[in-house]
Structures are given as C-alpha cells and as structure tokens.
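Here is the structure we will look at, set down as structure tokens.
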Amino acid sequence: MCSRILVPVDLSNTDKLTKALDIAARMAQEKAATVVYVGVVDAVPTSGKVQEGEKAAAALKGFAAQQAQAHQINTEAHVTLRGDLHLNVGSEVIQSARDKECDLIVMASHVPGLVEHILSSNAGYVASHAPMSVYVVR
C-alpha cells in the first residue's frame with residue numbers, strides 16, 4: 001500500500017513535470033495518499049542561505065496548495081538545502097523521501113542524451129539507489 005508519495009519539483013520547470021504530477025495525483029486519489037512535493041535548493045555558504053530556503057519553501061507551499069485544490073488530494077511541501085553543489089540531486093531526493101517517510105517516489109525524467117551517457121541522470125540515480133519504490137515518468 002502506498003500512503004506517502006514524494007515528487008521532486010523544480011518550480012522553474014513545472015511545464016516539464018505535468019505527466020509526473022498527474023500520475024502522482026491519480027495515485028494519491030486512488031490510495032487516499034499524501035503527495036509530498038520536495039524542492040532541492042542550492043545553499044551556498046552565505047548569510048542569505050536561510051532566506052533562500054524560506055523563499056523556496058513559501059513558493060513550494062503555494063504550489064502544493066494549488067495541486068491539492070486542483071486534484072482534491074492531501075499535499076505537503078518540503079525543501080531541502082544542499083551545501084555540496086554536486087551535479088546530481090538524487091541523494092537529497094532519497095534522503096527527503098526517508099525523512100518524510102515516503103514509500104514511493106514519482107519522478108519526471110527526459111530522453112537521455114549524450115550528457116547522461118557521461119554523467120548519471122537524477123532519475124537514474126534515484127531509481128538505482130532508493131530503498132523505496134520509484135516510478136520514473138518520461
């Protein structure tokens with residue numbers, strides 16, 4: 001049974017997340033589950049790090065409320081700050097799923113290109129390393 005679904009969200013690219021958002025919402029409706037939208041924010045070591053996290057949290061909370069109303073589902077918003085500015089955010093997504101006790105991750109992906117053959121994709125990393133189920137949507 002699926003009771004908590006985590007969906008990584010980049011608010012600057014929500015137009016590319018439509019399929020994943022819709023699938024997560026349908027699953028939540030069917031299972032009476034909560035969808036946890038997570039945003040990963042780069043936190044460079046400055047005095048503005050907390051402010052950036054607060055701004056991102058407010059925006060993500062608004063997005064979660066919109067999704068709740070549009071799909072008639074329970075939602076939460078969770079922002080995680082990452083200080084290590086590596087290329088892949090997969091480890092932060094997995095840690096967020098653990099922290100929020102999610103049993104499924106629904107994650108958007110794209111058709112792999114040359115870069116993904118050199119560097120791993122976020123969805124590929126999550127699918128390979130997450131201890132919970134992962135549904136990758138293209």
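The values are calculated or read from the model by the stated rules, or taken from the named source; none is laboratory data. Note that the coordinates shown come from a computational prediction; the quantities given were computed from them, not determined experimentally. FYI the Cβ positions are ideal-geometry reconstructions off the backbone, even for glycines, and counts take in every protein chain you see.
Identify all residues within segment 3-16 that are surrounded by fewer than 18 Cβ atoms within 10 Å (Cβ to Cβ) and touching a strand residue (DSSP E or B) at 6+ places or on another chain (Cβ under 9 Å); write none if there are none. Lay out the reasoning, then the answer.
Keep residues of segment 3-16 that are surrounded by fewer than 18 Cβ atoms within 10 Å (Cβ to Cβ), which gives 3, 10-16.
Once the filter is applied, which keeps residues that are surrounded by fewer than 18 Cβ atoms within 10 Å (Cβ to Cβ) and touching a strand residue (DSSP E or B) at 6+ places or on another chain (Cβ under 9 Å), segment 3-16 yields Ser3, Asp10, Leu11, Asn13, Lys16.
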Practice prompt. Please specify each residue of segment 6-21 satisfying the condition of being touching a residue at least 40 places away in the same chain (Cβ under 8 Å) and charged (D, E, K, R).
Written response: Lys16, Lys19
Response to the item:
Among residues of segment 64-79 being crowded, with 18+ Cβ neighbours inside 10 Å and touching a helix residue (DSSP H, G or I) at 6+ places or on another chain (Cβ under 9 Å), the residue nearest to Leu17 (Cα to Cα) is Gln67
Fill in: Thr14 modelled with pLDDT under 95 and under 18 Å from Val136 (Cα atoms)
yes
Discussion item. Residue pairs, Cβ under 7 Å, 6 or more apart or interchain, first in segment 120-138 and more than 11 Å from Ser109 (Cβ to Cβ), second in a helix (DSSP H, G or I) and among the β-branched types (Val, Ile, Thr). List them.
Written reply: His129/Ile94; Ala130/Ile94
Worksheet entry | Filter result for Ala56 (modelled with pLDDT under 90, crowded, with 20+ Cβ neighbours inside 10 Å, farther than 17 Å from Asn122 by Cα and in contact with a strand residue (DSSP E or B) (Cβ under 7 Å, 6 or more places away or on another chain)) | yes
Worksheet item: Of the residues that sit in segment 17-53 and are farther than 16 Å from Ile105 by Cα and surrounded by 13 or more Cβ atoms within 10 Å (Cβ to Cβ), which one is modelled with the lowest pLDDT?
Response: Lys49
Fill in: segment 97-119, residues that are touching a Ser or Thr at 6+ places or on another chain (Cβ under 8 Å), at pLDDT below 95 and surrounded by 15 or more Cβ atoms within 10 Å (Cβ to Cβ)
Ser109
Response to the item:
Quick count over segment 66-96, residues being within 23 Å of Ser133 (Cα to Cα), modelled with pLDDT of 85 or more and not aliphatic (A, V, I, L, M), is 12
